[in-house]
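Notes for the one structure printed next.
The values are calculated or read from the model by the stated rules, or taken from the named source; none is laboratory data. Please read these numbers as outputs of a predicted model, since none were measured by experiment. Here the Cβ positions follow ideal geometry from the backbone for every residue, glycine too, while neighbour counts run over all protein chains shown.
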Amino acid sequence: MTLPELQEAVRQMQEPGYRAKQIYQWLHIRKVQEFSEMTDLPAVLRTKLESDFKIPRLKIARKLSSQIDNTIKYLYQLPDGQHIETVLMHYQHGWRLCISTQVGCKMGCQFCASTIAGYVRNLTASEMLLQIDETERDAGVSVSGIVLMGIGEPLDNFDHVMRFLELLSDPAGRQMSLRHVTISTCGIVPRIRELADRKTGLTLAVSLHQATNTQRNKIMPVNKRYPLEELMCACQYYFEKTGRRVTYEYAVIEHENNNLADAKALAELLKHQQAHVNLIPVNSVRERNYHATRQSAQKFMKYLEDLGIHATIRRTLGSDIQAACGQLRHETEEHF
């Protein structure tokens, strides 16, 4: 519930309005797990809340801690028994959390493990928030940045994601600036434009991975619905509306998209964009014959730099625990 919704619920219970803010802060600031912990509420009200409402929980089904850095990967079990993944990463500026927005994914990108186990449902705003709560509680850290880049396509779950962002940034609650939030999308054009109109201040990351329609159609079915020409126009619209530069994610795949011709096509595609390219050596997935090395990514980055495109290689975290999204859920679902 948003604070106004909670205020209306409290009014219906014939309680004074200030009780709503007390409850809201117990949930979003103190992150209590039981109504009985809300000690400044009357006992009668706590009993009523216990009867009429619930505070959901996520169960840690598996937890993998990297031996080479501080990355922790969680496989969470939802109340309905489904599984999602959340990855905690440490950077110089603090802890960032990569969260899931759906159980599975329907986008069908060929190189991604998230889609292999199939799409089940959208996550609610509370299930997104709970990934933060449960991780902070277990790891004993405070998360300063959020990345919606786990399992699922965030813009395919637009309404729940927008509610999540509203709760996350609420001055009466967590107060996280949305400038510390990144949303990754494979390119759902109407939602990019709608997101631009909201002017939230967050960072938009677009999963590109190929620079021509012919090649992108092969690995990303969404491109058949929203081809690159439409996607680039939407990204330019996002920049013009928000002033925020779009990041383009490019998974470097050996013998697929990493030669000089590919770099020239990418430079041509982005020449009129305020663009930054984030290169990622593709993660190996058992069912797919895609692979890459950091050396091949570095070579491709040099091609781009020579063509005037600013690019970096994403820092690899948690490689020893398969920290890429979808791998752990897929492995778990195979055993059920």
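To keep it simple, each residue is scored yes or no on (1) in contact with a helix residue (DSSP H, G or I) (Cβ under 7 Å, 6 or more places away or on another chain); (2) buried (at least 17 other Cβ atoms within 10 Å of the Cβ).
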{"site": "139", "(1), (2)": "no, yes"}
{"site": "154", "(1), (2)": "yes, yes"}
{"site": "170", "(1), (2)": "yes, no"}
{"site": "196", "(1), (2)": "yes, yes"}
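Determine the pairs where a residue that is in contact (Cβ under 8 Å) with a residue 60 or more places away in the chain and over 20 Å from residue 196 (Cα atoms), located within the range 215-238, has a partner that is of a type in the set (S, T, N, Q) and part of a helix (DSSP H, G or I) with Cβ atoms under 8 Å apart, the partner being 6 or more residues away or on another chain. Close Cβ pairs (under 8 Å, with a partner that is of a type in the set (S, T, N, Q) and part of a helix (DSSP H, G or I)) do not exist here.
Can you go through 169, 144, 126, 100 and tell me which one is in contact with an Asp or Glu (Cβ under 7 Å, 6 or more places away or on another chain) and of a type in the set (S, T, N, Q)? Spell out how you get there, then give the answer.
Values: 169 fails: in contact with an Asp or Glu (Cβ under 7 Å, 6 or more places away or on another chain); 144 fails: in contact with an Asp or Glu (Cβ under 7 Å, 6 or more places away or on another chain); 126 fails: in contact with an Asp or Glu (Cβ under 7 Å, 6 or more places away or on another chain).
Testing whether each residue is in contact with an Asp or Glu (Cβ under 7 Å, 6 or more places away or on another chain) and of a type in the set (S, T, N, Q) leaves just 100.
Would you say residue 270 is more than 23 Å from the chain's Cα centre (by Cα) and of a type in the set (A, V, I, L, M)?
Working: more than 23 Å from the chain's Cα centre (by Cα): yes; of a type in the set (A, V, I, L, M): yes.
Judged against the criteria, residue 270 is a match.
Listed here are the residues, each with its yes/no results for (1) more than 25 Å from residue 166 (Cα to Cα); (2) modelled with pLDDT of 95 or more; (3) more than 21 Å from the chain's Cα centre (by Cα).
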| residue | (1), (2), (3) |
| --- | --- |
| 26 | no, yes, yes |
| 43 | yes, yes, yes |
| 46 | yes, yes, yes |
| 49 | no, yes, yes |
| 68 | yes, no, yes |
| 78 | no, yes, no |
| 86 | no, yes, no |
| 96 | no, yes, no |
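Residues checked against (1) surrounded by 19 or more Cβ atoms within 10 Å (Cβ to Cβ); (2) modelled with pLDDT under 90; (3) among the basic types (Lys, Arg); (4) not assigned by TED's automatic domain parsing to the domain that holds residue 251:
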| residue | (1), (2), (3), (4) |
| --- | --- |
| 265 | no, no, no, no |
| 268 | no, no, no, no |
| 276 | no, no, no, no |
| 286 | no, yes, yes, no |
| 292 | yes, yes, no, no |
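Looking at this structure, is residue 320 at pLDDT below 90, of a type in the set (Asp, Glu) and either assigned to a helix (DSSP H, G or I) or under 27 Å from residue 192 (Cα atoms) (or both)? If you could, list the steps in order and put the result at the bottom.
On the way: at pLDDT below 90: yes; of a type in the set (Asp, Glu): yes; either assigned to a helix (DSSP H, G or I) or under 27 Å from residue 192 (Cα atoms) (or both): yes.
Taking the combined requirement at face value, the residue satisfies it.
Would you say residue 19 is farther than 16 Å from residue 173 by Cβ and not in a loop (DSSP other than H, G, I, E, B)? So residue 19 does not fit the description; no.
So that you can scan it fast, the table gives a plain yes or no per residue for (1) closer than 21 Å to residue 148 by Cβ; (2) among the acidic types (Asp, Glu); (3) in the same structural domain as residue 120 (by TED's automatic domain parsing); (4) in contact with a Pro (Cβ under 6 Å, 6 or more places away or on another chain):
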position: 37; (1), (2), (3), (4): no, yes, no, no
position: 42; (1), (2), (3), (4): no, no, no, no
position: 46; (1), (2), (3), (4): no, no, no, no
position: 68; (1), (2), (3), (4): no, no, yes, no
position: 84; (1), (2), (3), (4): yes, no, yes, no
position: 91; (1), (2), (3), (4): yes, no, yes, no
position: 95; (1), (2), (3), (4): yes, no, yes, no
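Taken across the range 213-235, residues that are modelled with pLDDT under 95 and β-branched (Val, Ile, Thr) do occur, with at least one present. Sub-6 Å Cβ pairs linking a first residue in the range 297-316 that is on the phi < 0 side of the Ramachandran plot and modelled with pLDDT of 95 or more to a second residue that is surrounded by fewer than 16 Cβ atoms within 10 Å (Cβ to Cβ) and assigned to a loop (DSSP other than H, G, I, E, B), at least 6 apart or interchain, number zero.
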